[in-house]
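Encoded as structure tokens, the structure appears first; notes follow it.
The values are calculated or read from the model by the stated rules, or taken from the named source; none is laboratory data. Keep in mind that this is a model prediction, so the values were computed, not measured. For neighbour counting, all protein chains shown are included, and Cβ atoms are generated from backbone atoms with ideal geometry for every residue, glycine included. What goes into the accessible areas is simple: the full protein's heavy atoms, side chains included, and nothing from ligands, DNA or RNA. Shrake-Rupley method; radii C 1.70, N 1.55, O 1.52, S 1.80 Å.
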Amino acid sequence: MSKADNMLSILWLLKTRKRITAKQLAEELEISIRTVYRYIDALCASGVPIISDSGHNGGYSLLHQFTEAPLTFNLEEQKALMHAAIFAQEAGYPFGDALHKAITKLKMYTNQNQLAEINRHIQGFDVIIPPSDVSLKTVLQELEISVANGCTLFIEYHKGREVPSTVRHIDPYGLVYWKDKWYTVAYCHLRREIRSFRADRIRSLSHTAALFQRPLEFSARQFFLKGILSDTGNREQLTSLRIRGKQRAIADMCEHWLLGHGLVERSMDEAHFKLDEQAILSYVPYLLLSYGKSIQVLEPLVLKEKMIALTSELLNYYQTF
């Protein structure tokens, strides 16, 4: 048998028996004891929790929790893992090499019928998103490691506008993937508050000797969403946004990540939203421009005026060419 077959056989034997010696494994597989030792070392290096007991009643055994876990996945589980890997790779998952090795191992220990079935499902499954920035790989890896180990980072950060980069220490609490961008939610020692930082704006980073403790039950996802979405629990302090337009345009706006979150009521050709005034004046005008004459702003008046000013600026700009 091949090395892979022998290692898998050892794993099955360890799973089905409480304890087995190297001599018994060698006799069962018809290989030398030295080869058994070599395969055991390889399994341990791969993360298999093998316990070695010396003495008269000694031998090899598996950690109890591991013996209760299945060593194989059924077809539906394998298909789900393959599809999830496609999503992760397209999103710029920073540990793509390890992910590829894991999927390769999964295929290696799949019988031919299952592999053919999985390949049929993969061939018809695609994810289309903007190309990921491969230069972010190292930054994302370091951020993830720092989140897990509670290690403070020293970074150079550029906000993207025409302002100089700043240097600061941050305690990264988590990573968030949002709208084709990676962010880290971190405590900023410079501003003395929790903030979110776009990973592609981190010009450089280095580990420090300082360690930190993430706040108990802190959720980077919830913090991030709270920062970009209006607080619908306090709607009386929000501004009404009423839009009338073609049915398809209204339906599309109600499904938008920001407008849909603030939807109050809608009909076939009209929608009422409640949003933060700052979002209405800064983000919404640019969004509405893409709908052209298929929509009409009913309120607030200040948004109408903002749209007029914005389109006038664009007109003047293109007339200068």
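Summary table
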| read-out | value |
| --- | --- |
| Cα-based convex hull, segment 129-218, per residue volume (Å³, whole number) | 106 Å³ |
| Trypsin sites (Lys or Arg not before Pro), loop per DSSP, at most 13 other Cβ atoms within 10 Å - longest free stretch of the chain | 19-158 |
| Mean separation of Cα contacts under 8 Å, 6 or more apart, over the residue count of the chain: relative contact order % | 9 percent |
| Per-residue HN-Hα couplings for segment 120-130 [Karplus 6.51, -1.76, 1.60; θ = phi - 60°; Hz; x = Gly/Pro] | 4, 6, 5, 4, x, 10, 9, 10, 10, 9, x |
| Percent RCO, i.e. relative contact order, over segment 1-62, from Cα pairs under 8 Å lying at least 6 residues apart | 39 percent |
| Rounded percent of accessible protein surface that carbon and sulfur make up, segment 186-321, 1.4 Å probe | 50 percent |
| J(HN,Hα) series, segment 203-213, from Karplus relation 6.51 cos²θ - 1.76 cosθ + 1.60, nearest Hz, glycine and proline x | 6, 7, 8, 8, 6, 10, 7, 6, 10, 9, 10 |
| Projected label distance in nm at ARG242 and ALA45, using a 7 Å step from Cα toward the beta-carbon | 7.2 nm |
| Difference of contour (0.36 nm per residue) and Cα-Cα distance, ALA84 to ASN316 | 78.8 nm |
| Residues in segment 194-221 reached by a label modelled at GLU156 [backbone nitrogen below 18 Å; 7 Å Cα→Cβ] | 198-208 |
| In segment 241-285, the chymotrypsin sites (Phe, Trp or Tyr not before Pro) that fall in loop regions by DSSP, at most 12 other Cβ within 10 Å | TRP257 |
| Most fluctuating residue given options LEU140, LEU289, LEU258, as computed from a GNM of the chain linking Cα atoms under 10 Å | LEU289 |
| Qualifying GluC sites (Glu not before Pro) for segment 1-107 [loop in DSSP, other Cβ within 10 Å: at most 15] | GLU30, GLU68 |
| Segment 87-151, accessible surface, carbon-and-sulfur percent (1.4 angstrom probe) | 55 percent |
| The chain: C-alpha pair distances exceeding 34 Å, % | 52 percent |
| The chain, accessible area per residue, ligands and nucleic acids excluded (1.4 Å, Å²) | 63 Å² |
| Cα-Cα over 18 Å, subset of LYS18/LYS107; LYS179/LYS304; LYS137/LYS181 | LYS18/LYS107; LYS179/LYS304 |
| Contact order normalised by residue count of segment 122-248, Cα under 8 Å, 6+ apart, percent | 23 percent |
| Cα centroid separation, segment 254-321 to segment 1-57 (Å) | 67 Å |
| Per-residue HN-Hα couplings for segment 90-100 [Karplus 6.51, -1.76, 1.60; θ = phi - 60°; Hz; x = Gly/Pro] | 5, 7, x, 3, x, 10, x, 5, 5, 5, 4 |
| Nearest-ten-degree value, helix 137-149 long axis tilted from longest Cα axis of the chain | 70 degrees |
